[in-house]
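A short worksheet on the structure shown next.
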Amino acid sequence: MNYYAITLIIAICLLSPGCSRSPDLYAQYQLVPTVLHIEIARQAIKNINILLHAEGLPEYYLYDEEHNREGIALLWVGDKTISQTVADMMFVPRGCQCVIVQPRVLYSWVENYSTVGETNYADMDNLPHTLGYFLLHEYGHIHSGHPGRAISTLGDNTNRDETESKRLEQTADDFASNLVAKYQSKTGAFKTWMSAANIGLNISSLAFTLQGKRIIDNFGCSVLDAPCAFHDMGDTHYNLEYRILKAQCLISGGEACGMLSSYEQRRNSGGVFQKGALYRAE
Ligand SMILES: [Zn+2]
């Protein structure tokens with residue numbers, strides 16, 4: 001190819017809007033964008049970007065194939081090509097500086113917790129902050145260079161095994177919790193304090209709700225400190241109540257850490273009948 005042909009191709013490319021864009025992430029992952037509850041995403045991004053900006057870190061943006069930017073892309077996707085399970089509710093695809101969220105699954109997941117007490121986790125006062133915390137968790141995976149989403153392997157369904165995947169999940173949780181804790185303690189800087197305090201309050205409320213939900217849904221296992229209430233329901237993540245209690249302790253300290261150690265005692269006890277015939281912890 002001669003010099004003139006190469007120059008012509010470059011000139012055409014520079015004039016074409018498609019040439020300056022990175023590939024369409026929706027097409028790449030075979031996803032369909034949605035506007036369902038999109039205000040929740042906008043509000044969550046606005047809140048957590050205050051903290052990311054204060055840290056000098058790249059910020060989140062709502063992905064739009066017309067407008068690629070620097071930072072972490074949030075892909076807000078519909079349910080046509082992806083399973084409607086909690087495992088697929090929110091994740092970082094391998095090798096992408098992006099997070100995929102399914103609002104329909106997120107919404108029904110939090111509605112599940114809204115039946116326990118007076119907090120409606122699905123409303124605009126709460127869901128952006130719950131989502132904000134989990135987006136910071138996903139950010140922690142990207143920031144730490146973790147290799148994409150956690151894939152389950154065969155394992156005991158009520159286990160306390162330490163796995164590599166659980167360790168990575170804990171690192172991502174700690175990234176989110178430490179960031180919130182740092183700015184919640186800086187009461188002199190109103191904007192960052194407000195953003196962090198809203199997430200901190202939401203996590204405390206969620207910790208309380210998850211405890212209530214365990215007792216209501218799983219009373220028998222709960223009063224017996226049994227594995228069916230306190231152990232992990234898979235090999236990729238610690239159970240959600242345990243995770244949120246750890247987050248609450250890192251963010252708020254004090255009494256929250258007392259709740260965590262009480263939970264850990266019950267979790268590690270193996271249950272009141274551990275030597276009996278009903279079940280064994282190991
Ligand atoms: Zn994770």
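Spin-label model, Phe208/Leu62: points 7 Å from Cα along the beta carbon direction are separated by 3.1 nm.
From the P(r) of the range 20-115, can you give the percent of Cα pairs sitting at distances over 18 Å? Pairs farther apart than 18 Å: 48 percent.
DSSP loop (so not H, G, I, E, B), at most 14 other Cβ within 10 Å: list which GluC sites (Glu not before Pro) in the range 152-213 pass both filters.
Glu162
Quote the FRET efficiency, to the nearest 0.05, computed for Arg104 versus Met194 with a Förster distance R0 of 35 Å and r equal to the Cβ-Cβ distance. Step by step, r from the Cβ atoms, then E = 0.75. Compactness of the range 150-282, taken as the C-alpha radius of gyration over 2.2 N^0.38 Å, stands at 1.16.
Do any trypsin sites (Lys or Arg not before Pro) in the range 94-173 lie in a loop, going by DSSP, with at most 11 other beta-carbon atoms within 10 Å of their beta carbon, and if so which?
Those satisfying the criteria are Arg94.
Protein heavy-atom accessible surface, 1.4 Å probe, per residue over the range 20-115: 51 Å². In this structure the range 150-282 gives 50 Å² per residue of accessible area when probed at 1.4 Å with all protein chains present.
Taking the 1.4 Å solvent-accessible surface of the range 150-282 as the whole, the part contributed by carbon and sulfur is 58%.
Which order do the peptides 210-220, 238-248, 38-48 take when ranked by the mean count of other beta-carbon atoms within 10 Å per residue, highest first?
The peptides rank, most packed first, as 238-248, 38-48, 210-220.
Fully extended, how many nm does the chain gain between His53 and Asp88 (0.36 nm per residue separation, minus their Cα-Cα distance)? Present the calculation step by step, with values, prior to reporting the outcome.
Numbers: separation 35, 0.36 × 35 = 12.60 nm, distance 2.81 nm.
In short, 9.8 nm is gained.
Amide H contacts under 5 Å for Ile72: Glu59, Tyr60, Tyr61, restricted to partners 5 or more places along the chain or on a different chain, H placed in the peptide plane at 1.01 Å from N. Quick one: net charge around Ala41, please, counting Lys, Arg +1 and Asp, Glu -1 for every other residue with C-beta under 14 Å from its C-beta. Overall, the nearby charge balance is -1.
Sorted by mean Cβ packing within 10 Å, highest first, what order do the peptides 138-145, 226-233, 116-123 take? Can you show the working numbers first?
Values: 138-145: 18.2, 226-233: 21.0, 116-123: 15.5.
Highest-to-lowest ranking by the protection proxy: 226-233, 138-145, 116-123.
The values are calculated or read from the model by the stated rules, or taken from the named source; none is laboratory data. Computed from a predicted structure; not experimentally measured. Because the Cβ atoms are built from the backbone with ideal geometry, glycine has one as well, and the counts that use them run over all protein chains shown. Ligands, DNA and RNA are excluded from the accessible area calculation, which covers all protein heavy atoms including side chains. Shrake-Rupley method; radii C 1.70, N 1.55, O 1.52, S 1.80 Å.
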